[in-house]
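Peer 1: After the structure tokens below, expect a handful of questions from me.
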Amino acid sequence: MKILSAEFIKSASKPSEYPKGGLPELAIAGKSNVGKSSLINALVNRKNLAKISSTPGRTQMINFFQINGKLSLVDLPGYGYAKVPLQVRQTWKPMVESYLQTREDIRLVILIIDARRGASAGDLNLLDWLDYHRIPSLIVLTKTDKLSQIERAQQKKNLSQNPFLSNRPFLFFSAVSAEGKDELWKIIRQYVKVDL
Ligand code: GDP
């Protein structure tokens with residue numbers, strides 16, 4: 001995948017602030033600290049692109065990027081982080097839900113999960129919500145460079161034994177080793193249906 005350009009467009013917290021739509025959109029969600037920024041940076045071959053999302057004032061916002069002028073990439077605020085004040089945590093749900101419900105350009109939501117920890121209650125809630133609204137989702141298990149072969153097999157087994165997760169597509173990924181990167185682009189291209 002050749003990245004010719006990867007630009008930050010803007011941060012938004014409500015629909016009136018979203019940038020103009022029209023491009024196929026890929027949204028990326030996950031718990032705080034799960035490795036979302038690292039995955040975005042690895043995907044677009046930039047060291048610090050997603051760092052913009054962690055600058056003060058932007059961590060709890062929806063951050064819009066544009067890749068090669070053809071794909072809109074959206075970094076959703078992380079959830080489930082105890083250090084975030086309750087008041088901020090309570091704004092996450094309406095902010096993200098109104099984005100997911102109103103933005104017609106969304107083609108796929110990637111849900112990032114720490115491969116060592118497995119799915120949290122917050123992850124399962126989001127998947128359930130996406131199913132209900134018929135929004136396609138893909139589970140990406142990241143930080144696989146930290147897994148032994150035994151742990152990897154165990155995680156696969158955990159997924160296949162969880163009735164809620166067993167029939168879903170998932171992919172192992174590592175921002176450190178770049179495992180899964182080409183495969184992830186391949187899947188993204190199938191959903192966004194655009195020649196990037
Ligand atoms: P975010 O809060 O979800 O954006 O998470 P970050 O991308 O900032 O990552 C959180 C921590 O996990 C950082 O210390 C990263 O270096 C580390 N990390 C992220 N992805 C990987 C990975 O694939 N492998 C390893 N070993 N560490 C990772």
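Peer 1: What size of dipole, in debye to the nearest 20, comes out for the range 6-192 about its Cα centre when the only charges are +1 on Lys and Arg C-beta atoms and -1 on Asp and Glu C-beta atoms?
Peer 2: Working: 27 positive and 16 negative charges, 70 e Å.
The dipole magnitude comes to about 340 debye.
Peer 1: With viscosity set to 1.306 mPa s at 10 °C, what whole-number translational diffusion coefficient in µm²/s follows for the chain from Stokes-Einstein and a Kirkwood radius over Cα pairs?
Peer 2: On the way: Rh = 17.0 Å.
Reported coefficient: 94 µm²/s.
Peer 1: Filter the cross-link list 70/156; 20/186; 70/93; 36/156; 51/146; 14/157 down to pairs whose alpha-carbon distance in this structure exceeds 30 Å.
Peer 2: Working: 70/156 34 Å; 20/186 26 Å; 70/93 28 Å; 36/156 21 Å; 51/146 22 Å; 14/157 39 Å.
The answer is 70/156; 14/157.
Peer 1: Can you give the helix-only mean residue ellipticity at 222 nm for the chain, where every DSSP H stretch with n ≥ 4 adds -39500 (n - 2.57) and the sum goes over all residues, rounded to the nearest 500 deg cm²/dmol?
Peer 2: Details: 5 runs with 62 residues, N = 196.
Value at 222 nm, helices only, nearest 500: -10000 deg cm²/dmol.
Peer 1: Counting only protein heavy atoms and using a 1.4 Å probe, what share of the accessible area of the chain belongs to carbon plus sulfur, as a whole percent?
Peer 2: Values: 5120 of 10110 Å².
It is 51 percent, rounded to a whole number.
Peer 1: Among 188, 135, 37, whose Cα lies farthest out toward the positive end of the dipole of the range 6-192, if unit charges sit on the beta carbon of Lys, Arg (+1) and Asp, Glu (-1)?
Peer 2: Of the candidates, 37 comes out farthest on the positive side.
Peer 1: Let me ask something else. Quickly rank 159-168, 45-54 as a protection proxy: mean count of other C-beta atoms within 10 Å, highest first.
Peer 2: Values: 159-168: 12.1, 45-54: 15.8.
The peptides rank, most packed first, as 45-54, 159-168.
Peer 1: As an exercise, use a Förster radius of 25 Å and the Cβ-Cβ distance of residue 146 and residue 120 to find the FRET efficiency, rounded to the nearest 0.05.
Peer 2: Values: r = 17 Å, r/R0 = 0.69.
The value I calculate is 0.90.
Peer 1: Also, quick follow-up: Would you kindly derive the ³J(HN,Hα) couplings of the range 179-196 from the backbone phi angles with the Karplus curve 6.51 cos²θ - 1.76 cosθ + 1.60 (θ = phi - 60°), listing them in order in whole Hz, with x for Gly and Pro?
Peer 2: 3J(HN,Hα) across the range 179-196, in whole Hz: 4, x, 5, 5, 5, 5, 4, 4, 5, 4, 4, 5, 7, 7, 6, 9, 7, 7.
Peer 1: Contact order normalised by length for the chain, with contacts defined as Cα pairs under 8 Å and 6 or more residues apart; what percent is it?
Peer 2: Numbers: 327 pairs, mean separation 48.6, N = 196.
Relative contact order here is 25 percent.
Peer 1: From the convex hull of the Cα coordinates of the range 101-196, what is the mean projected area in square nanometres?
Peer 2: 6.7
Peer 1: Could you state the accessible area per residue of the range 6-192 in Å², with a 1.4 Å probe and every protein chain left in place?
Peer 2: 50
The values are calculated or read from the model by the stated rules, or taken from the named source; none is laboratory data. Since this is a predicted model, take the numbers as computed values, not measurements. Neighbour counts are summed over all protein chains in view; Cβ atoms, including those assigned to glycine, are modelled from backbone coordinates with ideal geometry. With ligands, DNA and RNA removed, areas are computed over all heavy atoms of the protein, side chains included. Shrake-Rupley method; radii C 1.70, N 1.55, O 1.52, S 1.80 Å.
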